[in-house]
Amino acid sequence: MDEKIFIEEFKSRFRIFHSSEDLEIGIQLNDSFFDIQSLIGKFNPEDFPKGKELVYERTRYLRNESLEYFYDNFQTMIMNASIDLAGGSNVD
């Protein structure tokens, strides 16, 4: 997820207006993408907004040096996304 489109979407969402951290943001998004995939299963962020949301939020927690709180705070969303990817019903 280190593609320019995801970096720009992340920056817009979290009001980052400069490009000096683009490389680092791309690396963090990519790391978060692989971590979330290890939790919920493989997904395409363009087709599965819930997964993309989890990647963005994990990256936000990482950037704010609060990653240890992410998993507890998003436990329900992680479980729901995992169920959705496994073919379960939408539990929103």
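The values are calculated or read from the model by the stated rules, or taken from the named source; none is laboratory data. This one's a predicted model, so the numbers in the text were calculated from it and none came from an experiment. All Cβ positions, glycine included, derive from the backbone under ideal geometry; neighbour counts span all protein chains shown. Accessible surface areas use protein heavy atoms only, side chains included; no ligands, DNA or RNA. Shrake-Rupley method; radii C 1.70, N 1.55, O 1.52, S 1.80 Å.
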Does E65 satisfy the criteria of being without any contact (Cβ under 8 Å) to a residue 60 or more places away in the chain, on the phi > 0 side of the Ramachandran plot, over 12 Å from the mean Cα position of the chain (by Cα) and open to solvent by 40 Å² or more (accessible area, probe 1.4 Å)?
yes
Would it be correct to say that E24 is out of contact with any helix residue (DSSP H, G or I) (no Cβ under 6 Å at 6 or more places or on another chain) and at pLDDT below 95?
no
Tell me yes or no: at least one residue of region 83-91 is within 12 Å of the chain's Cα centre (by Cα) and either open to solvent by 60 Å² or more (accessible area, probe 1.4 Å) or under 22 Å from S12 (Cβ atoms) (or both).
no
So which residues in region 36-51 are open to solvent by 40 Å² or more (accessible area, probe 1.4 Å) and closer than 17 Å to F10 by Cα, if there are any at all?
N44, E46, D47, P49
Being open to solvent by 70 Å² or more (accessible area, probe 1.4 Å), within 16 Å of P45 (Cα to Cα) and not in a helix (DSSP H, G or I) is the filter here; which residues of region 1-34 pass it?
D2, E3
